[in-house]
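**Q** Have a look at the structure that comes next, please.
The values are calculated or read from the model by the stated rules, or taken from the named source; none is laboratory data. Please read all numbers here as calculations on a predicted model, not as lab measurements. Methodologically, a virtual Cβ is constructed for each residue, glycine included, from the backbone with ideal geometry; neighbour enumeration extends over all protein chains shown. Side chains included, ligands, DNA and RNA excluded: accessible areas come from the protein's heavy atoms. Shrake-Rupley method; radii C 1.70, N 1.55, O 1.52, S 1.80 Å.
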Amino acid sequence: MTPTYTHCLVLVADGARADLFERLLGSGQLPNIKTHVVDRGCYRRALTVFPSTTGPAHIPFVCGLHPGTANVPGYRWL
């Protein structure tokens, strides 16, 4: 039976390369992230949008919307 979750934590390591993060995680150099995030939940790679600057990139991670359609002031790019 698949567990049902009532909470979600989105951990964004802004500027971190996925391959390096996964290598550090696999080698045991990120024990707290492994114990409290990966082992108790899951880890998935996320894709960014263009432009991949911090502000516009965070809205798609959390909302699943392109920054131009999210209607968040300051996050609208042409």
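**Q** Treat each spin label as a single point 7 Å out from the Cα along the C-beta direction, and report the Glu22 to Cys42 distance in nm.
**A** 1.6
**Q** Also: To the nearest 10 square angstrom, how much accessible area does Leu11 have with a 1.4 angstrom probe?
**A** It works out to around 110 Å².
**Q** Run the numbers for Gln29 and Asn71: contour at 0.36 nm per residue of separation, minus the present Cα-Cα distance, in nm.
**A** 11.2 nm
**Q** Sort Val38, Val10, Val62 by accessible area with a 1.4 Å probe, largest first.
**A** Ranking Val38, Val10, Val62 by accessible area, largest first, yields Val62, Val10, Val38.
**Q** Leaving ligands, DNA and RNA out of it, work out the accessible area of Cys8 with a 1.4 Å probe and give it in Å² to the nearest 10.
**A** Taking all protein chains as shown, Cys8 has close to 120 Å².
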